[in-house]
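The values are calculated or read from the model by the stated rules, or taken from the named source; none is laboratory data. All of these numbers come straight from a predicted model, not from anything done at the bench. When we count neighbours, we look across all protein chains shown, and the Cβ atoms used for this are built from the backbone with ideal geometry, even at glycine.
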């Protein structure tokens, strides 16, 4: 079983309900078990900013699925919950991203692990650190705690 961190986000409809449904569907996914959940935080949109605020959360789990298969399951959950992809980084009822996967680095056309935007989103680092303060960026070897402190200029 590999330890994995999955980011959840929603900025349309009943955002709390979409996060709850996604967590439930993850919990019921064969070969996946949720170990813990971060707090839920409301954040401003990034990139395409002409959209509602997001609710974001990070789930720590374990899975027997390799990253590429897990990604397919996450995309299926998004589709089942009604996600449509019309505007890049646009509004969405649910967004599920593999943030980290057992310290591995993946670079394919379909998947990048660690998620390439972790360092650009202090709220994601904060939620990751809620779940494990010892996390290390597998591409650089840096502790995310130090990256977070330097990015936000405050103590965790």
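For (1) within 24 Å of residue 138 (Cβ to Cβ); (2) under 13 Å from the mean Cα position of the chain (by Cα), each residue gets a yes or a no:
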| residue | (1), (2) |
| --- | --- |
| 5 | yes, yes |
| 9 | yes, yes |
| 19 | no, yes |
| 28 | no, no |
| 32 | yes, no |
| 43 | no, no |
| 51 | no, no |
| 61 | yes, yes |
| 64 | yes, no |
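For the stretch 80-111, which residues satisfy the criterion of being over 21 Å from residue 136 (Cα atoms) and without any contact (Cβ under 8 Å) to a residue 24 or more places away in the chain?
Of everything in the stretch 80-111, those that are over 21 Å from residue 136 (Cα atoms) and without any contact (Cβ under 8 Å) to a residue 24 or more places away in the chain turn out to be 82, 83, 84, 85, 86, 109.
Just one of 18, 48 is farther than 25 Å from residue 135 by Cα and exposed (fewer than 12 other Cβ atoms within 10 Å of the Cβ); which is it? Reasoning before the result, please.
On the way: 18 fails: exposed (fewer than 12 other Cβ atoms within 10 Å of the Cβ).
Just a single option satisfies the conditions, and that option is 48.
Return the total of residues in the stretch 87-132 being modelled with pLDDT of 95 or more, under 16 Å from residue 54 (Cβ atoms) and assigned to a loop (DSSP other than H, G, I, E, B).
Result for the stretch 87-132: 2.
When residues of the stretch 98-114 are filtered for being touching a helix residue (DSSP H, G or I) at 6+ places or on another chain (Cβ under 8 Å) and either closer than 16 Å to residue 9 by Cβ or crowded, with 19+ Cβ neighbours inside 10 Å (or both), how many remain? Quick ask: steps written out before the conclusion?
Start the filter on the stretch 98-114 by keeping residues that are touching a helix residue (DSSP H, G or I) at 6+ places or on another chain (Cβ under 8 Å), which leaves 98-101, 104, 106, 108, 110-111, 113.
When the remaining residues are screened for being either closer than 16 Å to residue 9 by Cβ or crowded, with 19+ Cβ neighbours inside 10 Å (or both), the result is 98-101, 113.
The number of residues fulfilling the criteria is 5.
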